[in-house]
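Rule-based calculations on the coordinates, nothing more; no lab input. Note that this is a predicted model, so its numbers are computed, not measured. All Cβ positions, glycine included, derive from the backbone under ideal geometry; neighbour counts span all protein chains shown.
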Protein chains: 2
Amino acid sequence: MNLRERRRADTMRAVQRVALDLFERRGYDAVSIAQIAAEAQVAERTVYRHFGTKEMLVVHDELDAAFIGDVVRRATTVGAIAGVREALAAVPPEAWRGEGAEAGGWLRKMRLLRATPSLHATFERATSTLGDALGAAESAAATGLAPYPARVRGRAVAAMLAVAVDAWLESDGEADLRDLVAQGIDALTTG
Amino acid sequence: MNLRERRRADTMRAVQRVALDLFERRGYDAVSIAQIAAEAQVAERTVYRHFGTKEMLVVHDELDAAFIGDVVRRATTVGAIAGVREALAAVPPEAWRGEGAEAGGWLRKMRLLRATPSLHATFERATSTLGDALGAAESAAATGLAPYPARVRGRAVAAMLAVAVDAWLESDGEADLRDLVAQGIDALTTG
DNA sequence: CTCCCTACTGTCAGTGACTGCCAATTGGCA
DNA sequence: TGCCAATTGGCAGTCACTGACAGTAGGGAG
């Protein structure tokens, strides 16, 4: 990894850390990019160059991207439902709780996402994107499902995942996400 | 109905008509509120007072609101899936095609929604809101379903509806929306 | 019919997200 | 060492959206 790339990654991490801290303390809507830039010691323009939009300061997450990639990859072989379950089982539970040192924790980020109406739409959009990916994966899988029903199922599974995460947030991370997903699968498959 | 209320409704319809025309011709992102206001012969501030946001100029629709209300009402007695089917059956097919005189047609509006990435998030948000309403309706219904599985099902049904509408748009309104929904229900209930 | 209240509208000023352009710096590489 | 390209900062500008104030006109009370 280059010195340049390392510096770039460092700046991004620093900016995002400052941003999330401010968002958590004062609320997403009450924090301006100018404030973030000032506190992070960079130009406003630089924030935009790295993250594009204010939303991305919350949403951008390499770990999430990796997890979603994993889900979709598994879905192409074992189907959407089993794919989600397997991918979830492959993640150590403490990672979900955000007790790891990474970037301040997933739990805090999701809590922020849920507490901020301006960000709900973004979350739903991500959900439906995942749903379409799952649908494509399922129709490409050995099941030989037609594109349209595959898409319906993919979106349904993604919606279930979103509800599970939401319920998990309501319990403030106390509940076991894998249990919630299992219950969600039940609700989906019986009836 | 008052003269005031009538005038208000007239202004809103006129503004929305102008807006949709401009959006269709030049693209949503390329049209500013100022242009809409100028063409509709009102102040920019008035547009915001009536619609709140630019998105609402596309999304706002009394007929849609009535239909969604109908779906949710039926869902509280016969469940989400049957509710959607019944509500859909109660609407004359030509209404979907937008051949009616109302406000320029539903088909055109949905086409615009689909063609504009900036509006996708809004659409998904509306879908998930409907899903939650369906979930609440189902758990309040006689089925006696627990809140969590009810919510999962509600969202799944709403997601299915969104996919059906999307597929219907892909066929440019040629396909029968009721058939697509029926196939979507099949995809949801078998497996 | 008149007076007053209230809803609707317009105007103005301001905030904040986001973009394009240009210049300066600095790491990477031949 | 010298050139290229990436990173960054600064600046000006657009546009969505908001709060405050003022003028106008409908609607009801007397």
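Some notes on this structure:
- Theoretical ellipticity at 222 nm over chain A - DSSP helices of four or more residues, -39500 (n - 2.57) apiece, nearest 500: -25000 deg cm²/dmol
- Shape metrics for chain B, restricted to C-alpha atoms - Rg then Dmax, Å: 18.1, 56
- Counting other Cβ atoms within 10 Å as a rough exposure proxy, the listed residues A:Asp64, B:Asp70 run A:Asp64, B:Asp70 from fewest neighbours to most.
- Spatial separation of Cα centroids for the range A:31-71 and the range B:73-94, in angstrom: 43 Å
- Fluctuation leader among B:Ala87, B:Ala133, B:Ala34 - chain B, Gaussian network, Cα springs under 10 angstrom: B:Ala34
- Residues of the range B:116-134 with an amide N closer than 17 Å to a point placed 7 Å from the Cα of B:Glu170 along the Cα-to-Cβ direction: B:116.
- When the charge dipole of the range B:29-116 is built from unit charges on Cβ atoms (+1 for Lys and Arg, -1 for Asp and Glu) and taken about the Cα centre, the candidate among B:Gly105, B:Val42, B:Ala65 whose Cα reaches farthest toward its positive end is B:Ala65.
- Inter-copy label distances at A:Thr77 (7 Å, Cα→Cβ; nm, one decimal): 5.1
- Principal axis dimensions, largest first and in whole angstrom, of the range A:3-58 by Cα: 34, 18, 17
- Efficiency of FRET from Cβ geometry, B:Ser118 and A:Asp61, R₀ 30 Å, rounded to 0.05: 0.85
- For the peptide A:124-135, the mean number of other protein chain Cβ atoms found within 10 angstrom of a residue's Cβ is 4.
- Once the Cα gyration tensor of the protein assembly as shown is diagonalised, semi-axes √(5λ) in Å: 35, 31, 19
- Relative contact order %, the range B:62-189, counting alpha carbon pairs below 8 Å whose residues are six or more apart: 24 percent
- Straight-distance candidates among the lysines for linking to A:Lys109, with alpha-carbon spacing under 16 Å and chain neighbours fewer than 8 residues away dropped: A:Lys54.
- Per-residue Cβ neighbour rank within 10 angstrom, fewest leading, B:Phe67, A:Phe23, A:Phe51: B:Phe67, A:Phe51, A:Phe23
- For the range A:17-24, the Karplus equation 6.51 cos²θ - 1.76 cosθ + 1.60, evaluated at θ = phi - 60°, returns couplings of 4, 4, 4, 5, 4, 5, 4, 5 Hz by residue, with Gly and Pro reported as x.
- Gaussian network model of chain B, Cα within-10 Å springs - most flexible of B:Ala66, B:Ala115, B:Ala162: B:Ala66
- Based on C-alpha pairs under 8 angstrom that are at least 6 apart in sequence, the range A:3-58 has a relative contact order of 35 percent.
- With neighbour counts taken as other beta-carbon atoms within 10 Å, the residues A:Asp166, A:Asp10 rank, fewest first, as A:Asp10, A:Asp166.
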